[in-house]
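J.: Below is a structure I'd like to ask you about.
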Amino acid sequence: MSSATLTRKRRDTGTPSRFALPASKWARAGLAIFAVVLLLSILRTISGANDMDSSGAIAAALALAVPIALAALGGLWAERAGIVNIGLEGMMILGTWAAAFGTIKGGVVVGIICGILGGAFGGALHALATVVFGVDHIVSGVAINIIGLGLAKYLADRVFSTMEGGGPTQSPALDDVWSFSVPGVDALKDIETEHWFFVSDVAGILGGLGTNLSMLTVLAVALVIGSIFVLWRTTFGLRLRSCGENPWAAETLGINVLMYKFIAVLISGGLAGLGGAFLAMVAGNGYVEGQTGGRGYIGLAAMIFGNWQPIGLAVGALLFGYTDAIQLRQGGPTLHALLLAVSVTLILIGLWQLIRNKRIISGVLGLVLGAALLYYYFTSDSVPTQFTSMTPYVTTLLVMAVASQRLRMPAADGQVYRKGQAG
């Protein structure tokens, strides 16, 4: 049957094309975005916390979310092939050092490439241990984190200490990564400062998303979208995911399972290394010891939060980045206003789990946590400064705890695979 005939039959029968995205998904996504903006607008109006969705807060949230999203995306590639990768932190650390070294020696583009290669080196070690030698994935991941930390410290001491402006714990200042602003976005600033209901909120969000966008930020967004296409819309992606669901069945179909797993972990390390490059080249002005701050682990949590889906992990990274940005800016007053949104959301999720999904544990947990936060909101005026730094972590844990029963990891994730076992 010709491709033209197949296309005509699909059109006549209403069968969607292989690469088509259902309109209902776009509608749900648009409705969700509208609901979030409306909620933020209501909270800003009630509380007077105008920084809640200002362009500055949104820009900071995006910058904080990108390295987490890249680490999470790296974890997704590995785990979709059946390899648990808790070595993301070590791979990010290697990426920070390699990106700084490459930028000093060859410029920004070389720095980005070196950052990816630095993380991929950690991925190669993890793949060698888990795929080739069958080492326990958790043990190997912990070892990669230790190796990455120690190797970066050693190389920084040996290399950056000999450079002007550098030292044993930091590199010299790096060249700025190319950035741009969307044309016309400056005009939104005047609308934002009027603090009109909903309209000013939309202007602030668009202004934050369209001002001083780094080349690496655009690349990160492209990688999330590209991962959706490759993993779910190509033969390569189908085979890779089959290795994470049932490698023994995949082997009987002639798929080289070991090769696909090795490639997936290499890509995983490269993505984590790119996240480290972002920290060194965009979020900071060079390599600084300890600058990853556990973002590899947070990326792993964002991946689980997103149910092993690219869009879901991006939302999880944005949630963490947003709460982190808010606590770094105004802290207590803005976070206090957000408590109302979090409490109501938890209560609604709890009711949904009880009534619609018949899940008693998560439903009751959501109702109890939501009620406790609602009580605290009405009996206090602000969040103590001692607790503001905990907000991103607590928010992520609360949402994950309530939604945990809907999560589904790849069926063979973390299992040791040996070639020939299918027979």
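The values are calculated or read from the model by the stated rules, or taken from the named source; none is laboratory data. Predicted, not measured: the structure shown is a model, and the values here were computed from it. Glycine gets a Cβ as well: all are built from the backbone with ideal geometry, and neighbour counts include every protein chain shown. We work out accessible area using only protein heavy atoms, side chains counted, and drop any ligands, DNA or RNA first. Shrake-Rupley method; radii C 1.70, N 1.55, O 1.52, S 1.80 Å.
J.: Sorted by mean Cβ packing within 10 Å, highest first, what order do the peptides 175-184, 365-374, 251-260 take?
T.: Top to bottom by mean Cβ count within 10 Å: 365-374, 251-260, 175-184.
J.: OK, next. Take the eigenvalues of the Cα gyration tensor for segment 168-276, scale each by 5, and report the square roots as semi-axes in whole Å, largest first.
T.: Equivalent-ellipsoid dimensions as semi-axes: 42, 22, 10 Å.
J.: Of the accessible area of the chain, with the probe set at 1.4 angstrom, what percent is carbon plus sulfur?
T.: It is 68 percent, rounded to a whole number.
J.: Something else now. For Lys358, list the aspartates and glutamates whose Cα falls under 20 Å from its own Cα; do not include residues on the same chain fewer than 8 positions away.
T.: Lys358 reaches no qualifying aspartates and glutamates.
J.: Pop out the ³J(HN,Hα) list for segment 306-322 in order, Karplus 6.51 cos²θ - 1.76 cosθ + 1.60 with θ = phi - 60°, rounded to Hz; leave Gly and Pro as x.
T.: x, 6, 6, 10, x, 5, x, 5, 5, 5, x, 5, 5, 4, 5, x, 5
J.: Continuing with this model, one more query. Given only helices, namely DSSP H runs of n ≥ 4 each adding -39500 (n - 2.57), what is the per-residue ellipticity at 222 nm of the chain, to the nearest 500 deg cm²/dmol?
T.: The helix contribution divided over the chain gives -23000 deg cm²/dmol.
J.: List every residue whose amide H lies under 5 Å from the amide H of Val135, counting only residues 5 or more places away in sequence or on a different chain, with H placed 1.01 Å from N in the peptide plane.
T.: Thr130
J.: With a 10 Å radius around each residue's Cβ, average the other Cβ atoms per peptide and rank 115-121, 37-43, 72-78, highest first.
T.: Going by the mean number of other Cβ atoms within 10 Å, highest first, we get 72-78, 115-121, 37-43.
J.: Would you mind calculating the relative contact order of segment 82-150 from Cα pairs under 8 angstrom and at least 6 residues apart, reporting the percent as a whole number?
T.: Once divided by the residue count of segment 82-150, the mean separation gives 44 percent.
J.: Rounded to the nearest 20 Debye, what is the dipole magnitude of the chain about its Cα centre when Lys and Arg each give +1 and Asp and Glu each give -1 at the C-beta?
T.: Around 1920 debye, computed over the chain.
J.: Karplus couplings for segment 342-350 from phi (6.51 cos²θ - 1.76 cosθ + 1.60, θ = phi - 60°), rounded to Hz, Gly and Pro as x?
T.: Once rounded to whole Hz, the list reads 5, 5, 5, 4, 5, 5, 5, 5, x.
J.: Taking Cα pairs under 8 Å and at least six residues apart, what relative contact order does the chain come out at, in percent?
T.: 27
J.: Can you list residues whose amide H is under 5 Å from Gly167's amide H, if they're 5+ apart or on another chain and H is modeled 1.01 Å from N?
T.: So Gly167 has HN proximity to Ser161.
J.: I'd like to check one number: the per residue accessible area of segment 250-353, probe 1.4 Å, reported in Å² as a whole number.
T.: 34
J.: Can you grab the distance from the C-alpha centre of segment 50-115 to the C-alpha centre of segment 257-336, Å, no decimals?
T.: 6
J.: Moving to a separate point now. Can you compute 3J(HN,Hα) from phi for each residue in segment 265-278, using the Karplus curve 6.51 cos²θ - 1.76 cosθ + 1.60 with θ = phi - 60°, rounded to whole Hz and x for Gly and Pro?
T.: So the Karplus estimates, Gly and Pro as x, are 6, 4, 4, 4, x, x, 5, 5, x, 5, x, x, 4, 4 Hz.
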